[in-house]
Amino acid sequence: MTDAINGLGGDGQFMAFADVYTALERGILDAGVTGAHAGHGQRWYEVTDNLIGPFISMPMGFETMNVDTWNSIPADLQAIIIEEGAKMELENLRLAAVWNETGVKVNVDAGMTFLEWSDEMKQYVYENVALGRVLPNWIVRVGPEEIAIWNEHVAPWAKVQIEDDGSLTFIE
């Protein structure tokens with residue numbers, strides 16, 4: 001997130017979520033980034049005027065375990081876990097639009113103004129922030145295994161492959 005904020009011209013800072021309200025109120029922070037519902041729950045609408053985006057807000061749930069534990073689970077139970085995980089993923093994707101829409105609504109109803117990014121801003125963020133800063137900095141932090149996972153699972157969807165030298169190639 002810091003890479004994204006910095007790429008947009010800000011100075012990204014990490015702060016305990018519970019301290020953000022006071023920091024916004026006192027002018028220590030000019031803005032905060034969170035899901036629309038989480039910001040509403042913390043009453044950020046009392047200390048900020050605008051909701052800007054989209055930085056899509058979506059509830060996530062991840063189930064993780066190490067490979068030894070996974071391998072100790074019988075194959076039939078692994079299949080059930082994978083199937084249920086796929087169902088959960090589809091449901092979260094279905095709910096994403098509703099979640100985002102209601103998150104914006106509750107903040108606007110509380111007095112904020114929603115300033116939606118223009119198509120030009122979305123393109124700028126994609127090209128200059130996501131591909132120009134966030135992804136290159138991620139590439140530096142990870143190893144070849146993570147890049148291989150990206151290229152296998154994300155690249156076909158994102159249409160961006162990471163080359164061995166760390167450069168990006170657009171794919172069809």
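The values are calculated or read from the model by the stated rules, or taken from the named source; none is laboratory data. These numbers were taken from a predicted model, which means no experiment stands behind them. Backbone-built Cβ (ideal geometry, glycine too); neighbour counts: all protein chains shown. Please note that ligands, DNA and RNA were not included when accessible areas were found on the heavy atoms of the full protein model with its side chains. Shrake-Rupley method; radii C 1.70, N 1.55, O 1.52, S 1.80 Å.
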Which residue pairs have Cβ atoms under 7 Å apart, sit 6 or more places apart or on different chains, and have a first residue in the stretch 139-165 that is basic (K, R) and a second that is open to solvent by 70 Å² or more (accessible area, probe 1.4 Å)?
K159/F170
Within the stretch 1-59, take every residue that is open to solvent by 40 Å² or more (accessible area, probe 1.4 Å), more than 25 Å from N137 (Cα to Cα) and β-branched (V, I, T) and give me the one that is modelled with the lowest pLDDT.
I28
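Hand me the list of helices (runs of 4 or more DSSP H) wholly inside the stretch 60-172 holding 3 or more residues that are among the small types (G, A, S) and within 30 Å of Y45 (Cβ to Cβ). Can you show your working first?
Details: elements: 67-72, 75-109, 119-124, 135-141, 144-149, 155-158.
The helices (runs of 4 or more DSSP H) meeting that bar are 75-109.
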All but one of (1) at pLDDT 90 or above; (2) in contact with a strand residue (DSSP E or B) (Cβ under 9 Å, 6 or more places away or on another chain); (3) farther than 24 Å from N6 by Cβ hold for V154; state the number of the condition that does not hold.
(3)
Residues satisfying the stated conditions in the stretch 12-50, i.e. within 16 Å of the chain's Cα centre (by Cα) and touching a residue at least 60 places away in the same chain (Cβ under 8 Å):
G35, A36, H37, G39
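How many residues does the stretch 73-113 hold that are of a type outside the set (G, A, S) and within 19 Å of the chain's Cα centre (by Cα)? Explain how you work it out, then say what you get.
Of all residues in the stretch 73-113, those of a type outside the set (G, A, S) come to 73-74, 76-78, 80-84, 87-95, 98-102, 104-109, 112-113.
Next, only the ones that are within 19 Å of the chain's Cα centre (by Cα) stay: 88-95, 98-102, 104.
Residues flagged as of a type outside the set (G, A, S) and within 19 Å of the chain's Cα centre (by Cα) within the stretch 73-113 amount to 14.
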Can you tell me which residue is modelled with the highest pLDDT among those in the stretch 91-140 that are open to solvent by 90 Å² or more (accessible area, probe 1.4 Å) and among the hydrophobic types (A, V, I, L, M, F, W, C)?
V140
Among the residues of the stretch 94-120, write down those that are over 12 Å from I52 (Cα atoms) and among the hydroxyl-bearing types (S, T, Y).
T102
Spot the failing condition for L131; the list is (1) in contact with a strand residue (DSSP E or B) (Cβ under 9 Å, 6 or more places away or on another chain); (2) touching a residue at least 40 places away in the same chain (Cβ under 8 Å), and only one is missed.
(2)
